[in-house]
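Participant: Mind looking over this structure? Questions follow.
Values in this text are rule-based calculations from the coordinates and carry no lab data. Model, not experiment: these values are computed from the prediction. For neighbour counting, all protein chains shown are included, and Cβ atoms are generated from backbone atoms with ideal geometry for every residue, glycine included.
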Amino acid sequence: MRCGGNRLACCAMLVVLMSAIITGCSGRTELNEISIVSASGIDWKDGKWIVSYQLVLPQAISSHGMGGGASGAAPINVFSTSGDSIRGAISKSSYEMSRRLYFSQNQIVVVSERAAKHGLTSLFDAYLRNPDSRETVNIFLTKHSARDILEHLIPLEEIPGAAIARMIVNEENNGSTLPNMTVYRALLELLGPTKSSGIPSLEISGTDPLDSTQKTAKTYSSSKIKLAELGLLQDDKMVGWLTRDQSYGVMWVRGQIKQSTVWFTCDDNHPGEKAVMKVHHMKTKRKAVKDGDNWKLDVRIKARGTLLEYPCEADLSKPASIAALERRAADKIALMANSGFKAVQEQKADIIGLGVAVRLQYPRQWDAIMKRWNEQIFPEAKIDTKVDVVIERTGMSTDSFRKMQKKAGGS
Amino acid sequence: MFSNKEKGPSGPKPDSGKPEPLSTNLGVNIKMLTAKLGESSDFVIRALRSDAMPGVEMVIAYIKGIVEEDAIHQNVINPVMGWSAPPGKSSWIETLRQRVITTGSTKQVSMQEEAVNALLDGQCLILTNGFREAIAADTSGGEQRSVAEPNTQTVIRGPQYSFTENIATNIGLLRRIVRSADFRLRSYTVGRKTRTTVGLVYMNNITDLHVVKEVEERIQAIDIDGILESNYIEEFISDQTYTPFPTMMNTERPDTAATYLLDGQMIILVDGTPFALAGPVTFFHFFRSAEDNYQRFDISTFLRLLRYGAFLVSMLLPSLFIAITTFHQEMLPTPLLISLASQREGIPFPALVEALLMELTFEVLREAGVRMPRAVGPAISIVGALVLGQSAVQAGLVSPAMVIVVSFTAISNFVTPQMSMASASRLIRFTLMLLAGMLGIFGIMAGMLFLIIHMTGLRSFGVPYMAPFAPVKRETWLDMLIRLPWWARVFRLVAVSSVNPRRQRGHRPRHQKE
């Protein structure tokens, strides 16, 4: 081809050549030059950050049909580096790694209680500043060291980091006891008016941690990773824990229940026998009300659900008995919500959202009380909970088993 | 019959010179013809003498093999032999031509060159002593392939015949579909040595006559010694050569050609090839298959959209794979990334080299599949599928994912109904792969941008390549992109068909309820 004869072709050639010369393929990273981090852990010990990494060993995971491979090898490898700063610690990983650590596929970050109490400013800053640290990573607290959590295998699952991330999603969708917190959502709350957030924690139950594939050969696990309590963060520090029940109440007040199961006494004569309702739809309206010098949170909860268990004897074909049942369920929910509210008040960290409501409804007053909110005003606040429950279906039967049995005996 | 338009620049032109007239002497003429044809042994000269015309010296000359000898015997020799020449020599030639010879077309030639060309066209020449004029009777024929099923553009439902190598047959096939008085045919002879007949077919009231005139001029300007296939013409007359995208389509199906005619396109038939050219075209024309019109509109729409997708896949998939696995690993879901990473363990080459290697291998296989003798076919497929595919993976030279990517790309390439467009995506693929290997998705986007700018600038006989989308032509863009029900396809597709844009009234059939 005569160059100059066609400018277009020449330009194309030039672009290709230039990009070859200028870039030199230098931005390229082959898949076997990176090591994928599936979970990372942050510890604070003796004035230093200890960062732990859970690396995925791809060969061990998908050794199916790849001609043997290293079966029996653990699918992950955990190691730690320490340093004065988090990123500094990470950069030391090159002393012991043949590959570049690849954080973009990181699923969870586990922060130990000690590190959380020290303060997480540098962790959050690292997340906001670096493009390879994704804010969609799930964040967890733990009372153990973060590294212990990372070393723990999870039965059925190949990548523990991803499994824990799915665990909290599963919990959010089916239990809704603990919130599913990503770094992004934690940042949103911590940068919000009340500067507080609640982050779920992980615990290892059992004494013999599942840290080798030999131990998974048995039909039961000697120990397990479980979702535990809700850690409360105020500013950048952890201030205390809420139990699961308290956390559940908070979830009702915050309106974060996606699907959950509520049980309540259906007959005062038999307090041990509980009716169970599956809540599949709920809505919470929160309103701040000024009450003298105090503030009050007005909570209106509407929940709809299906009856799952009913051991009592009322005639469910009558609307009145359904209404009674709904009232009992509503009372139970209100009780839980109030106890959650009280527990949060004791920790002086407003993760309920009262502060947010005050700021939206009374912006002028908020400016004046903002500084004293968590310490002085929020713990004095009151809650007024009104719950409205609708039982939409009673399941496939109307009468309870016991009633049917009685009927059969009577005839 | 066919006007001879050889008037190129003053290049070497061996059979040029001043046109010389035939001689009145029969012997001189015979000598001249024999000499011009180099005393070829297939040149037949037969004297015509009969008792019915004493004293008349007459010969018939033709070239064996390109004439139909039966026709010569029945329509020329028999009647001439039985003819009793009237006195008054002056009207002999006229009488012979008009009353005696019974072939379909005859003409009178008086120039040497004309006479030779007539012989070469398969006509037989009747020379009479004492006359400068000879009669050329059209007896062309000879062995030719009969109309058969199409080989390259098959359909499940629809007409099952294709063009042949004979242009006269092809025109006939086309005329039999479009029985309209608006059917127009212009013929040209192109090629100094091959003197190939090229036919330009268009519809009088549908095709823009300015474009017809332009095409006519481009065909007449062709100066070449031989035309053996329609691609010769295509490269000469298409608007731009330096582009991977074809600006003319080809078809071997008469029904498809008729569709193009009715859309306002022109058909160029070339003698000696079953592939007819069609133009002007737009980019989107290349994704319409003949069968789209013969199937229900819903499945046709689905398949057409699938073809666009497959075209993009065949152009982009390997480059996207390279870009994502070497630059943007964060885009992949974790399980997929881990699966890909485990496959890449121990692969010695970078992903770009791996992909290029596999793509080139496939191109070699494909070319081998086309070129090889039929008998060795099974050997190639064993070597190709087993040795190169499976063993390369087992030997750890390429990753299984790459084999899947390359195979799917290759298969997607065959979905495009027009091979010329499929080839375009094959070439572009390699460039994009290089760009992806160097710059990641940024490189692919840069390349695509460049392509789109280039395509928007392309013209096919003055019609913008990206019409009806750039520039926007609202009436036809839905029909171009998807296949509407027939009653809704009101407008002819090509932008040039401004002469008679409506195909039909475009009403929904009255019996169909809303």
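Participant: Any chance you could list P(r) for the stretch A:223-310, counting all Cα-Cα pairs in 5 angstrom bins from zero, rounded to whole %?
Facilitator: Pair shares across the bins are 3, 11, 13, 15, 19, 18, 11, 6, 3, 1, 0.
Participant: Measure nothing but the geometry: give the 0 to 90° angle between the long axis through the Cα atoms of B:297-326 and the longest principal axis through the Cα atoms of chain B, rounded to 10°.
Facilitator: 60
Participant: Compute the FRET efficiency between B:Phe236 and B:Arg371 as 1/(1 + (r/R0)^6), taking r as their Cβ-Cβ distance and R0 = 25 Å, and round to the nearest 0.05.
Facilitator: After rounding to 0.05, the efficiency reads 0.40.
Participant: Rounded, prolate or oblate for the stretch B:313-464? Axes are the square roots of the Cα gyration tensor eigenvalues, ordered a ≥ b ≥ c, and the cut-off for rounded is a/c under 1.5.
Facilitator: It comes out oblate by the Cα gyration axes.
Participant: What percent do you get for the relative contact order of the stretch B:313-464 when only Cα pairs under 8 Å and 6+ apart count?
Facilitator: Taking the mean separation of contacting Cα pairs over the length of the stretch B:313-464, I get 45 percent.
Participant: Further question: Shielding by partners for B:330-337, please: the mean number of other protein chain Cβ atoms within 10 Å of each residue's Cβ.
Facilitator: Mean number of neighbouring Cβ atoms from other chains: 5.
Participant: Another one. Which three extents, in whole angstrom, do the alpha-carbon atoms of the stretch A:62-218 cover along their principal axes, largest first?
Facilitator: Sorted largest first, the three principal extents are 56, 42, 30 Å.
Participant: Could I ask something else about it? Calculate the all-directions average of the projected area of chain A's alpha-carbon convex hull, and give it in nm².
Facilitator: 33.4
Participant: May I pose another question? Within 10 Å of each residue's Cβ, count the other Cβ atoms and sort A:Phe264, B:Phe461 from fewest upward.
Facilitator: Placing the least packed residue first, the sequence is A:Phe264, B:Phe461.
Participant: For the stretch B:130-214, what class follows from the C-alpha gyration tensor (a ≥ b ≥ c being the square roots of its eigenvalues): rounded when a/c is under 1.5, otherwise prolate if a/b is larger than b/c, else oblate? Each step should come with its number before you reach the end.
Facilitator: Values: a/c = 2.10, a/b = 1.32, b/c = 1.60.
It comes out oblate by the Cα gyration axes.
Participant: While we're on this one: Modelled label-to-label distance, A:Tyr220 and B:Glu94, 7 Å Cα→beta-carbon offset: nm?
Facilitator: Output for this residue pair reads 12.2 nm.
Participant: In deg cm²/dmol, rounded to 500, what helix-only [θ] at 222 nm does the protein assembly as shown give when every DSSP H run of at least 4 residues adds -39500 (n - 2.57) and the total is split over its residues? It would help to have the intermediate numbers written out before the result.
Facilitator: Working: 29 runs with 332 residues, N = 925.
Rounded to the nearest 500, the figure is -11000 deg cm²/dmol.
Participant: Give me the distance in nm between label points sitting 7 Å out from Cα along the Cα-to-Cβ direction at A:Gln365 and B:Thr102, one decimal.
Facilitator: So the label points at A:Gln365 and B:Thr102 sit 11.8 nm apart.
Participant: What distance in nm separates the simple spin-label points at B:Leu209 and A:Asp125, each placed 7 Å from Cα in the Cβ direction?
Facilitator: Output for this residue pair reads 8.1 nm.
Participant: Starting from the eigenvalues of the Cα gyration tensor, five times each then square-rooted, give me the equivalent ellipsoid semi-axes of the stretch B:375-514, largest first, whole Å.
Facilitator: Ellipsoid half-lengths, sorted descending, are 42, 23, 14 Å.
Participant: Hey, what D do you get for chain B in µm²/s if you plug the Kirkwood alpha-carbon radius into Stokes-Einstein at 20 °C and 1.002 mPa s?
Facilitator: This corresponds to a translational diffusion coefficient of 79 µm²/s.
Participant: If you rank B:Ile219, A:Ile90 by fewest surrounding Cβ atoms within 10 Å, what's the result? Walk me through the intermediate numbers first.
Facilitator: Values: B:Ile219 18, A:Ile90 21.
Going from sparsest to densest Cβ surroundings: B:Ile219, A:Ile90.
Participant: Send over the Kirkwood Rh of the stretch A:134-211, from the inverse of the averaged 1/r over different Cα pairs, rounded to one decimal Å. Write out the running numbers ahead of the final one.
Facilitator: Working: mean 1/r = 0.0734 Å⁻¹.
Computed over Cα pairs of the stretch A:134-211, the Kirkwood hydrodynamic radius comes out at 13.6 Å.
Participant: Given Cα positions, please report Rg to Rh for the stretch B:167-293, the hydrodynamic radius being the Kirkwood one.
Facilitator: For the stretch B:167-293, the value is 0.93.
Participant: Could I ask something else about it? Stokes-Einstein D for the protein assembly as shown at 20 °C, 1.002 mPa s, Kirkwood Rh over Cα pairs, in µm²/s?
Facilitator: Values: Rh = 36.3 Å.
Rounded, D is 59 µm²/s.
Participant: Using a Förster radius of 60 Å, what is the FRET efficiency between B:Met331 and B:Ser41 based on their Cβ-Cβ separation? Nearest 0.05, please.
Facilitator: Once the sixth-power term is evaluated, E becomes 0.25.
Participant: Give the shape of the stretch B:248-305 as rounded, prolate or oblate, defined through the alpha-carbon gyration tensor: a ≥ b ≥ c are the square roots of its eigenvalues, a/c under 1.5 means rounded, and otherwise the shape is prolate if a/b is larger than b/c and oblate if not.
Facilitator: Prolate is the answer for the stretch B:248-305, as a/c is 1.5 or above and a/b outweighs b/c.
Participant: Give me the extension gain from B:Glu217 to B:Glu165: residue separation times 0.36 nm, minus the current Cα-Cα distance, reported in nm with one decimal. Could you put the intermediate results ahead of the total?
Facilitator: Values: separation 52, 0.36 × 52 = 18.72 nm, distance 2.46 nm.
Extra length from B:Glu217 to B:Glu165 when fully extended: 16.3 nm.
Participant: Going toward the positive end of the dipole of the protein assembly as shown, with +1 on Lys and Arg Cβ and -1 on Asp and Glu Cβ, which of A:Gln214, A:Gly198, B:Val76 do you reach last?
Facilitator: In the protein assembly as shown, that residue is A:Gly198.
Participant: Using a simple charge model, +1 on the beta-carbon of Lys and Arg, -1 on the beta-carbon of Asp and Glu, nothing else, what dipole does the stretch A:30-242 show about its Cα centre, in debye to the nearest 20?
Facilitator: 140
Participant: How long are the semi-axes of the equivalent ellipsoid of the stretch A:367-411, defined as square roots of 5 times the Cα gyration tensor eigenvalues? Whole Å, largest first. Provide the component values of the computation, followed by the final result.
Facilitator: On the way: eigenvalues 588, 29, 11 Å².
Equivalent ellipsoid of the stretch A:367-411: 54, 12, 7 Å, largest first.
Participant: Follow-up question, since we're still on this one. Say the dipole of the protein assembly as shown comes from +1 at the beta carbon of Lys and Arg and -1 at that of Asp and Glu; which of B:Pro417, A:Trp44, B:Leu277 then lies farthest toward its positive end?
Facilitator: Looking along the dipole axis, the top candidate is A:Trp44.
Participant: In degrees, nearest 10, range 0 to 90: what is the angle between the Cα axis of helix A:244-254 and the longest Cα principal axis of chain A?
Facilitator: 90
Participant: Sticking with this structure for a sec: Give me the Debye-computed log₁₀ of I(q)/I(0) at q = 0.18 Å⁻¹ for the stretch A:268-411, equal point scatterers on Cα only, no solvent, two decimals.
Facilitator: Log10 I(q)/I(0), no solvent term: -0.98.
Participant: With charges set only on the Cβ (+1 for Lys and Arg, -1 for Asp and Glu), what does the dipole of the protein assembly as shown come to about its Cα centre, in debye to the nearest 20?
Facilitator: So the magnitude is around 2420 debye.
Participant: Just want to confirm a number: the relative contact order over chain A, from Cα pairs under 8 angstrom separated by 6+ residues, in percent.
Facilitator: Answer for chain A is 12 percent.
Participant: If the viscosity is 1.002 mPa s and the temperature 20 °C, what Stokes-Einstein diffusion coefficient in µm²/s follows for the stretch B:26-138 when Rh is the Kirkwood radius over Cα pairs?
Facilitator: Working: Rh = 13.9 Å.
Estimated via Stokes-Einstein, D reaches 154 µm²/s.
Participant: To check my understanding: the extent here is largest minus smallest coordinate of the Cα atoms along each principal axis. What are those three numbers for the stretch B:179-241, in Å, largest first?
Facilitator: For the stretch B:179-241, the Cα spread along each principal axis is 34, 25, 16 Å.
Participant: Okay, next question. Fewest to most neighbouring Cβ within 10 Å: what's the order for B:Thr409, B:Thr106, A:Thr216?
Facilitator: A:Thr216, B:Thr106, B:Thr409
Participant: For the cross-link pairs A:Lys274/A:Lys386; A:Lys258/A:Lys332; A:Lys143/A:Lys285; A:Lys195/A:Lys290, which exceed 25 Å when the distance is taken from alpha carbon to alpha carbon?
Facilitator: Over 25 Å Cα-Cα: A:Lys143/A:Lys285.
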